[in-house]
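The structure appears right after this line, and notes come after that.
The values are calculated or read from the model by the stated rules, or taken from the named source; none is laboratory data. All values reported here derive from a predicted model rather than from experimental measurement. Reconstructed Cβ throughout: ideal geometry from the backbone, glycine too, with neighbour counts over all protein chains shown.
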Amino acid sequence: MKILETQLRIGGFDMKQLKRVGNIAIYEASKRGKITHYETIIIQNHDGYEIAGHVIPPSEFYPKSEAFGDLAWCLPNINRAEEVFNQLVLYGKKQEKSEERL
C-alpha cells in the first residue's frame, strides 16, 4: 500500500505532517511560508481500482474537504490539534480493546 506523503500541497496550502500514530495524523498548513492552521485527520485508504485501463494501486489518501467535521478537523493552533489527535488515538485504542474481547 502506498503511504500518504508527509509533505503535500492541498488547496493552495503546503501541508507538512508533524505527527502520526496509526491512521491519525496532524498536518501543519502554511501559505507562502507562514503557518495558517493545523489539521488533525483520520487517514483514509482504498484497495486499488482501475480507470479506463489504468490501474491505481492501493494507497492512503487525505480526507476530502466534504469530510471535515467527521474525518478531519481544521484547528487554529498546535495545542488544540494535539488535543483532538490524542482523543482520536485514545478512542482508537479503546475500540481495539473492545474488539479483542469479542
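Odds and ends about this structure:
- Residue list for region 6-36, filter: surrounded by 13 or more Cβ atoms within 10 Å (Cβ to Cβ), farther than 17 Å from Val89 by Cβ and of a type in the set (Ser, Thr, Tyr): Ser30, Thr36
- Of the residues making up region 45-64, those that are among the hydroxyl-bearing types (Ser, Thr, Tyr) and surrounded by 12 or more Cβ atoms within 10 Å (Cβ to Cβ) number 2.
- Residue count for region 49-68, restricted to those that are over 22 Å from Met15 (Cα atoms) and basic (Lys, Arg): 0.
- The listed residue being assigned to a strand (DSSP E or B), at pLDDT 95 or above and not hydrophobic (A, V, I, L, M, F, W, C), out of Glu5, Glu83, Glu66, Glu39: Glu39
- Filtered residue count, region 42-63, keeping only those that are closer than 30 Å to Glu82 by Cβ, part of a loop (DSSP other than H, G, I, E, B) and either within 16 Å of the chain's Cα centre (by Cα) or among the small types (Gly, Ala, Ser) (or both): 3
- Verdict on Glu39 being free of Cβ contacts under 8 Å to residues at least 60 places away in the same chain, among the charged types (D, E, K, R), surrounded by 11 or more Cβ atoms within 10 Å (Cβ to Cβ) and touching a Lys or Arg at 6+ places or on another chain (Cβ under 6 Å): no
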